[in-house]
Amino acid sequence: MANVSLVRHEGEKKDQLTLDFVPGLLERYRSLRECVGAGVYQRGLGRVAIDLDLAPGNLSVQISDDTSRKFSVDSLELYIEKTGDNTPIMYLVEKFLAPDARPKNAQEVQDIRNQLAKAMRQLESLGGQ
């Protein structure tokens, strides 16, 4: 999903970070919490709960839409550290730092996909005759 490289130029005091990623996380997830939740369930709620030193039920509530308990920034940092899942970081990069990577008009993108699917069906029907 992402290729991250850090370049240090000789004689310079600063580093340059380069991120190459496939956009689409904003279309896949409605929020950062949903993005983290998908990663948690993909890796196993019990396993991730152990990594975060939480009860599975508490973790489940924290990553749900329940407003009584929140998934903290500290928990997010620990989650990324323990699982190696950088998807939440890439979600934030796409949302706040790479607006040009997002489709300008999501409906237009969907219309083009629909037109392409229709054209493919037409081509398949022509090839079958």
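A few remarks follow.
- Residue count for the range 80-98, restricted to those that are assigned to a loop (DSSP other than H, G, I, E, B) and charged (D, E, K, R): 1.
- Residue in the range 83-96 that is surrounded by fewer than 10 Cβ atoms within 10 Å (Cβ to Cβ), at pLDDT below 90 and not polar (S, T, N, Q) present: yes
- The residues in the range 61-75 that are assigned to a helix (DSSP H, G or I) and more than 19 Å from T87 (Cβ to Cβ) can be counted, and the count is 1.
- Taken together, the residues in the range 59-82 that are closer than 21 Å to L26 by Cβ, without any contact (Cβ under 8 Å) to a residue 24 or more places away in the chain and surrounded by 16 or more Cβ atoms within 10 Å (Cβ to Cβ) amount to 1.
- Subset of the range 25-58 (residues that are assigned to a loop (DSSP other than H, G, I, E, B), surrounded by fewer than 17 Cβ atoms within 10 Å (Cβ to Cβ) and not basic (K, R)): S31, G44, D53, A55
The values are calculated or read from the model by the stated rules, or taken from the named source; none is laboratory data. In this text the structure is predicted, and so the values were computed from the model without any measurement. Virtual Cβ from ideal backbone geometry, glycine too; neighbours counted across all protein chains shown.
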